[in-house]
1. Residues in the range A:136-170 near a label at A:CYS23, defined as backbone nitrogen under 18 Å from the 7 Å Cα→Cβ point?
2. Kindly list the residues of the range A:532-549 that lie in the label zone of A:GLU523, defined by a backbone N under 16 Å from the point 7 Å along the Cα-to-C-beta vector.
3. What's log10 of I(q)/I(0) for the range A:677-805 at q = 0.21 Å⁻¹, Debye sum over Cα points only, no solvent?
4. When A:ARG188, A:ARG113, A:ARG61 are ordered from fewest to most other Cβ atoms inside 10 Å of their Cβ, what list results?
5. Reachable aspartates and glutamates from A:LYS356, Cα under 13 Å, same-chain residues fewer than 8 places away excluded?
6. Taking the alpha-carbon distance from A:LYS284 and a cut-off under 13 Å, which aspartates and glutamates remain once sequence neighbours fewer than 8 residues away in the same chain are dropped?
7. Taking a ≥ b ≥ c as the square roots of the Cα gyration tensor eigenvalues, with a/c under 1.5 meaning rounded and otherwise prolate when a/b beats b/c, else oblate, which class fits chain B?
8. With the cut-off at 22 Å, tell me which of the pairs A:LYS684/B:LYS9; A:LYS650/A:LYS698; A:LYS455/A:LYS687 have Cα atoms farther apart than that.
Amino acid sequence: MKRFAGKIFFTAISVLYPVIVFCGLRYWGLSPRRLSLMLIALAFYHFLNFTRSKSGVDRGRTGGLVALVLACAIFAFVANNVLFVKLYPVLVNLSLLVFFGFTLWRPPSFAFRMACLGDKSLNMSPAFKAVERYCQKVTVAWCIFFVVNGIIAVLTVFVCSDKIWSLYNGLISYILIGLFFIIEYLIRKMMRNKMQSYVPVCDLESDARPDGALVCFDAVAEVADVSGAVANVAGLRTWRDFVKDVSRVRYYLEARENTPWILHCEDAYYFTVALLAMLQSGRKALVTANRQEAFIKEIKKPEYGFLTDEPFAGNASNAGEMPTTLIQDVLAEENARCSDGENAREIKFGKFDKSKAEMVLYTSGTTGEPKAVYKRFLQFENELFELVKVFGNDWVNRKVYSTVNHHHIYGLLFTALLPIATGLPFRRHRIDFPTELANIAGEAAVMASSPAFLKRLSAETDQPFEFKCAPIIYSSGGPLPEDVARKACERTGFWPMEIYGSTETGGIAYRQSKNGLVWTPFEVCKMSVAENGCLNIKSSYILEEEGFTTGDLVDLYDDGRFLLKGRSDSIVKIEEKRISLPEVEMRLKQTGLVQDVRVVPMVGKRQYLAAAIVLNAAGREKFAGVPKLAINNFFHDYLLKFIENTVSPKKWRYLEELPQNTEGKIRMRDIQSLFGLAESPNFKILKFRREPGVLTAKLLFPAASDYFDNHFPEFKLLPAVVQVDMVLRLARNFLDVPKELSKMNRTRFACPILPDVPVVVKITYDADAGKVIFAYTSENGETLYSNGSLVMNMTAAAGEGENRG
Amino acid sequence: MSDLNTRIKEVMIESLELEDITPADIVDSAPIFGKNEAGEGLGLDSIDALELGIAIKENFGVTFSTVKEETKKHFASVDALAAYISANSKG
């Protein structure tokens with residue numbers, strides 16, 4: 001208590017010193033000699049501090065200060081000179097300068113020490129480095145401040161009147177110090193939320209994050225404990241692990257001539273390790289979501305490498321043709337190579353030239369065949385910077401989850417590159433089922449998602465998830481219907497943020513549809529309208545000087561924001577009549593009976609439109625038991641109120657859902673191929689999904705179907721020959737399988753298929769072997785009705801007519 | 001329903017690749033193009049008309065006048081078409 005009172009007393013004297021001296025001289029008639037006694041008292045006070053301080057720096061500083069103050073006091077006393085009395089503020093400045101300067105020379109800097117005291121978690125934070133750098137700058141700024149303040153204090157001693165000296169050192173100087181504090185505090189606040197943990201991917205070095213910082217985790221999220229002992233928990237990887245693994249892959253890559261490397265890893269951690277190793281080693285990376293053997297063969301040349309985390313199933317005969325490198329093997333092999341300790345070999349991890357590093361991405365092919373898009377890493381880096389600028393504030397202390405494929409641009413940026421650049425931990429595997437969200441309700445999450453997943457979220461769950469803090473959800477890959485966004489918000493508490501972009505352009509703009517359908521472009525994107533009415537974008541992540549013209553029609557506002565008006569290829573000419581496909585779709589939805597619809601242009605004997613419709617609950621109720629022709633006529637008659645007969649759809653399909661690919665995109669050519677198979681009263685396709693070489697379709701054979709006639713009249717079941725014929729018809733139509741069947745292998749009919757019971761048929765076509773493999777199962781996959789494989793006649797020029805059941 | 005009418009309907013369905021329609025669904029007296037007040041009719045469009053004209057010519061060996069109004073009359077319904085074909089194919 002005594003000590004505390006003394007401390008307050010001396011601090012008050014120290015702070016008020018200039019005022020006391022001024023008053024002493026001016027009003028109280030004290031001589032400099034008398035006043036020097038106060039200096040002696042202050043020297044005594046600093047001496048007490050000196051004896052208490054533990055750190056060497058502090059002792060040196062206070063020791064020096066005591067000596068100087070004492071010297072001044074003695075001079076002032078002996079010479080009875082006021083100048084020495086007035087030097088005290090200069091000495092205080094000098095001592096602080098020495099102290100701050102010393103911590104710069106011997107880090108951690110003073111400001112960083114204070115920051116660490118204030119926030120204990122900083123040591124494990126991905127922001128560690130950035131905060132340290134920032135604090136160093138702050139410390140330098142303090143030093144400069146003390147120099148300037150000290151010089152002014154000296155000037156006031158020798159040049160100015162007592163009054164000015166007192167005014168400056170007793171008031172102005174304090175105000176300046178206060179201002180400095182406030183300004184620095186405000187800047188720090190701003191920095192902390194924005195860039196603090198962000199490091200451009202190309203600038204990452206092995207000490208960019210603390211060794212124990214969490215990089216990724218698996219299904220069950222674990223939190224890194226303070227000791228940093230997290231690496232042993234399954235799935236968890238720390239920054240140290242990441243650096244080592246990248247280094248191992250680099251040793252492997254650099255020991256080989258192969259380039260470019262085709263890259264496909266389902267595990268986002270392996271993917272990120274492999275990608276960073278390729279970038280740092282100067283190997284071009286071909287990032288493909290499609291790992292069908294046929295596709296890889298198509299793009300692979302002999303000198304290419306192929307790095308993946310999953311071997312092709314079986315078939316050793318192909319292994320020779322398709323050299324596949326498993327990343328797990330690479331890591332184990334390179335680890336063994338330096339088994340005498342990782343230290344034996346230098347860690348390879350460091351900066352790379354972003355303008356030289358090359359990548360190739362493949363589009364998902366919404367409108368056409370997948371297309372290779374060439375990228376330089378600079379483009380991604382510029383976009384990451386932009387994303388952090390716009391959204392970075394919201395991400396602090398969150399974990400990154402994904403429902404999308406990280407081999408496509410949006411997933412690549414949001415779920416692989418961003419976590420690495422910002423130091424946010426990411427989950428290694430995708431969230432596949434909306435119900436899984438319940439498991440992460442306790443986490444603060446950033447989730448990169450898609451309209452497909454969010455649609456399922458609203459369809460498959462009916463309760464809001466009890467999120468501790470609402471996740472931040474992004475949606476990209478296609479337009480997110482407003483009602484789906486609203487439902488997603490009801491379930492999660494966050495109205496999804498949509499990102500509009502493409503493989504060629506990267507992210508262009510963003511919106512939350514609760515605020516309207518207008519898109520706000522990222523600041524670096526300069527929008528204009530091209531001659532054909534489509535949106536043109538120029539940005540720092542589009543290399544072409546003329547920018548990129550999308551296929552999207554646009555209404556561009558003066559402030560750069562815009563509304564999308566549908567795709568330009570959505571305007572088609574049917575027998576010379578122009579019609580907008582979205583308009584027809586919109587009119588069909590206006591009936592209030594349609595949940596989802598796609599209208600596609602078809603070319604047969606004539607051009608016409610065809611519509612694939614998913615009825616909503618009201619539609620299903622209204623049309624229950626109604627013949628298809630009557631349903632067609634209903635929609636046809638409705639449309640004729642708005643559009644001409646020629647451009648009204650001529651063919652109709654009613655599905656349970658529209659076919660989507662894994663990115664949640666509905667491809668026009670999938671819908672078109674549905675109409676390639678003539679409608680028949682004998683079977684219905686309820687839904688289907690086409691991936692390269694694989695078709696999955698849900699079928700229904702009505703009791704009235706001809707297929708059930710004359711087999712067992714008393715017990716109707718689907719004849720085997722019909723099942724095989726159906727496979728052939730589907731395979732020919734959807735998978736481009738040759739017409740002629742050469743033989744059937746191991747075909748088994750295990751269980752009868754009954755009328756009006758939906759069945760799922762999965763057909764896989766191996767083009768090289770000329771084999772069609774099929775299986776009919778129940779919808780839940782539990783009952784196998786039949787399976788087998790068909791060998792097609794690959795040489796036959798033309799097949800016979802279709803063999804109907 | 002006469003055989004000729006059924007034949008005409010089959011030709012229509014086949015040549016115009018009509019889906020979900022059987023000959024029984026087509027009303028003999030109903031308009032082929034557009035609809036009547038009762039809402040009956042095939043609702044075919046002008047492109048279909050050209051296509052159908054060719055198919056009828058090929059299948060039944062009849063030709064149509066180049067006067068639009070007259071031709072329109074013959075294509076009014078399946079009945080009208082049947083009448084025109086039976087009147088002209090004999091000659």
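1. A:162-170
2. A:539-541
3. Values, matching the q order: -1.33.
4. A:ARG113, A:ARG188, A:ARG61
5. Straight-line reach from A:LYS356, under 13 Å: A:GLU381.
6. Hits, sequence-local ones excluded: A:GLU254, A:GLU257, A:GLU303, A:ASP353, A:GLU358.
7. Cα axes put chain B in the rounded bin.
8. Check vs 22 Å cut-off fails for A:LYS684/B:LYS9; A:LYS650/A:LYS698.
Any read-out appearing in this document is the output of simple, stated calculations on the displayed coordinates, not a laboratory observation. These numbers come from a predicted model, not from an experiment. Note that we place each Cβ from the backbone using ideal geometry, even for glycine, and neighbour counts take in every protein chain shown.
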